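The values are calculated or read from the model by the stated rules, or taken from the named source; none is laboratory data. None of these values were measured; they are calculated from a predicted model. Backbone-built Cβ (ideal geometry, glycine too); neighbour counts: all protein chains shown. Protein only, heavy atoms only, side chains kept; ligands, DNA and RNA dropped before computing areas. Shrake-Rupley method; radii C 1.70, N 1.55, O 1.52, S 1.80 Å.
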Amino acid sequence: MLLNGIVAAVITMIITIIGIPRFIMFFHKKKLGGQPTLEDVKQHARKAGTPTMGGFVFVVVSLVVSLIAALVFGKFSPAFITAWWVFAMYAVIGFLDDFLKVFKQINEGLTAKQKMLAQILIGIVSYFIYSHGEKSHIIHLLSWEFNIGIFFSIFIIIWLVGWSNAVNLTDGIDGLASITVAISLTAYAVIAVAHQQYDVLLIILSVIGGLLGFFVFNHKPAKIFMGDVGSLALGGFLAIVSILLHAEWTLLLIGAVYVIETLSVMLQVAYFKKTGGKRIFRMTPIHHHFELGGFSGKAAGWSEWKIDIVFWLFTAVLSVIALCIYFAF
């Protein structure tokens, strides 16, 4: 069964590698605008005009390949459907946001309220789909289980919305989000194998394959960015996978980078308002702080490759720690 998932991952990766250049050509042919660059980060100026929405390719390919594989290998289960639905629907929100920015030249895309409402609505539907296959509403913490009943609906909505936005914030420099999420998903692939949840494993490996194929064109200097269509989908997918594998708490370690990125923004905004304009960090999310002034914020800025490697290693180490704790209990 593991081999089936690996085959799906390889197929997804190959098709993504073939599809991305054609997607880039489409952007250039239509003379579409790229992702807006950050004025405060001068080294980003050269990124102007770089095509975005690359997540559309690896998301669609992952969805199609995993669906076909699930049907062929008999893994079209309620858990697979739930994961597939969340990944697809959060991608739809991101696609609409990107579409308005790129094709309609609406800088804001979806408003914050529109995006949040859509995320919540999909979270609600996801809860009912999940409940159809899982009758218990239990949150797992190490060896303890907490049956929270109807409040599980609130948990699943907050979990999906929160992690979706957290990964979205992490997608800010070349290659950062794609490999960080691939590492996070690899940790969940280990858990899925251990518990023989091959239906969930199938879509996890398909998404990893898509991310690796996308990284070929997303590493520095990036030829394309994933856009919200990719980052929102990946965040929601991580959240639902942690729930389906009954390992919710592990995401706090496996996804620590996304937590730190989000907290840096929240702290910056709160401090800025309270002090009348002062800042804790040079710029948030925190990867931009490192980019502008290193760890202290006052030294030479880190290169994008250095930030990538530090964040990837950090995620890998914490993922291993999370797995060790998980299997110890």
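Using the Karplus relation 6.51 cos²θ - 1.76 cosθ + 1.60 with θ = phi - 60°, the per-residue 3J(HN,Hα) values for the range 278-286 come to 7, 10, 8, 10, 4, 6, 10, x, 4 Hz, with x marking Gly and Pro.
To the nearest 0.05, how large is the calculated FRET efficiency for VAL125 and GLN196 if R₀ is 22 Å and r is the Cβ-Cβ distance?
E between VAL125 and GLN196, to the nearest 0.05, is 0.20.
Only Cα pairs under 8 Å and 6+ residues apart enter the sum, and on that basis the relative contact order of the range 203-328 stands at 19 percent. Here the Karplus curve 6.51 cos²θ - 1.76 cosθ + 1.60, taken at θ = phi - 60°, turns the phi angles of the range 10-21 into couplings of 5, 4, 4, 4, 5, 5, 5, 4, 6, x, 4, x Hz, with x standing for Gly and Pro. Note on the chain: the alpha carbon radius of gyration divided by the globular reference 2.2 N^0.38 Å gives 0.97.
Given LYS223/LYS278; LYS31/LYS220; LYS113/LYS278; LYS47/LYS298, which pairs have Cα atoms separated by over 29 Å? Where the Cα-Cα span goes over 29 Å, the pairs concerned are LYS223/LYS278. Per-atom-type breakdown for the chain gives carbon and sulfur 71% of the accessible area (1.4 Å probe, protein chains only).
Stretched out straight at 0.36 nm per residue, the stretch from ILE154 to VAL72 would grow longer than its current Cα-Cα span by 26.0 nm. Computed over protein heavy atoms with a 1.4 Å probe, the accessible surface of the chain works out to 45 Å² per residue.
Taking 8 Å as the Cα distance limit and 6 or more residues as the minimum spacing, I'd like the relative contact order of the chain as a percentage.
Worked out over the chain, it gives 26 percent.
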